[in-house]
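**Student:** Okay, handing you the structure first.
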Amino acid sequence: MDRSAYASMSAQEQDHWWFVARRAIIDSLVRAHVPLPSDARILEAGCGTGGNLALLAQYGALDAMEYDEDARALASARDLCRVEEGALPDAIGFGETRYDMIALLDVLEHVEEDEAALRALGARLASNGRLLLTVPAAPWLWSDHDVLHHHKRRYTHEGLLDVVREAGLKVEVSGYFNSLLFPLAVAQRFAHQLLRRDTPLDARPAPLLNAALQRIFAAERHLLGRVPFPRGLSLYAILSV
């Protein structure tokens, strides 16, 4: 990502509505769909500046890898786990350690070889391990936000499942999320493109609005697996070998 994108992420991921609510949804997905032993080994592949590390460390012994040197330094400074240099698909690191859960959270869209990356991570799963994956959805929503974050692509649901199957992995559960705010987000993105505004799409809103958006987005954690959302800004999948 651009340096400005990492700086923005580091500054906002503790209290920006999107990051906070997404962590609540991730926690709900893990607790509902990922069978973890008491001595679980966890890997976050592509941890960025480390905003998810505190959450993931609750589930077991955590390792993390990150390609970008500046982001890796920020993640390491949180002092929550080992954070080592790594890249997908060929440099995951940590020897031959097998993991009970690997989290790949809004990372796959940055990787040129997405199928190879999933195949390599699948090879690092323990028996009965799970790969938790999130990616941006709706290719027709491509915008300056994707360019700033150096995305290679956005995914359709079927397109993501095709890549997963080609990588030799099984889909335990999958679907859209960030769906309740989808109409608002679409309107915002088109307005932003039309008016060519300089304010970043991911700028933190005023406190009251930030809190309201967080509550709405986080409320989806009670609906995932019960309500099949037909659309959303993001996709999730829990995969096994």
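**Student:** Name the helices (runs of 4 or more DSSP H) wholly inside the range 143-241 in which the number of residues that are open to solvent by less than 60 Å² (accessible area, probe 1.4 Å) and either at pLDDT 95 or above or in contact with a helix residue (DSSP H, G or I) (Cβ under 6 Å, 6 or more places away or on another chain) (or both) is 3 or more.
**Tutor:** In the range 143-241, 157-166, 207-218 are the helices (runs of 4 or more DSSP H) which contain 3 or more residues that are open to solvent by less than 60 Å² (accessible area, probe 1.4 Å) and either at pLDDT 95 or above or in contact with a helix residue (DSSP H, G or I) (Cβ under 6 Å, 6 or more places away or on another chain) (or both).
**Student:** Go through the range 107-134 and report how many residues are without any contact (Cβ under 8 Å) to a residue 40 or more places away in the chain and of a type in the set (D, E, K, R).
**Tutor:** Going through the range 107-134 one residue at a time, the tally reaches 1.
**Student:** Determine which single condition A116 fails, assuming it passes every other condition in (1) assigned to a helix (DSSP H, G or I); (2) under 25 Å from R23 (Cβ atoms); (3) among the hydrophobic types (A, V, I, L, M, F, W, C).
**Tutor:** A116 satisfies all of (1) assigned to a helix (DSSP H, G or I); (2) under 25 Å from R23 (Cβ atoms); (3) among the hydrophobic types (A, V, I, L, M, F, W, C) except (2).
**Student:** So which of Y99, Y59, Y67 is aromatic (F, W, Y), open to solvent by 40 Å² or more (accessible area, probe 1.4 Å) and in contact with a strand residue (DSSP E or B) (Cβ under 8 Å, 6 or more places away or on another chain)?
**Tutor:** Y67 is the lone residue from the list that is aromatic (F, W, Y), open to solvent by 40 Å² or more (accessible area, probe 1.4 Å) and in contact with a strand residue (DSSP E or B) (Cβ under 8 Å, 6 or more places away or on another chain).
**Student:** Further, regarding this structure: Please verify whether A138 is over 30 Å from A203 (Cβ atoms) and either modelled with pLDDT under 95 or out of contact with any Cys (no Cβ under 6 Å at 6 or more places or on another chain) (or both), treating the condition exactly as stated.
**Tutor:** no
For (1) in contact with a helix residue (DSSP H, G or I) (Cβ under 8 Å, 6 or more places away or on another chain); (2) acidic (D, E), each residue gets a yes or a no:
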| position | (1), (2) |
| --- | --- |
| P35 | no, no |
| C47 | yes, no |
| G60 | no, no |
| I92 | yes, no |
| T97 | no, no |
| E115 | yes, yes |
| R130 | yes, no |
| W140 | no, no |
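**Student:** Go through A45, A40 for me and flag whichever is open to solvent by less than 50 Å² (accessible area, probe 1.4 Å) and more than 17 Å from the chain's Cα centre (by Cα).
**Tutor:** A40
The values are calculated or read from the model by the stated rules, or taken from the named source; none is laboratory data. On a predicted model such as this, the values are computed, not experimentally measured, just so you know. Methodologically, a virtual Cβ is constructed for each residue, glycine included, from the backbone with ideal geometry; neighbour enumeration extends over all protein chains shown. Remember, those area values only see protein heavy atoms, side chains included, never the ligands or the DNA or RNA. Shrake-Rupley method; radii C 1.70, N 1.55, O 1.52, S 1.80 Å.
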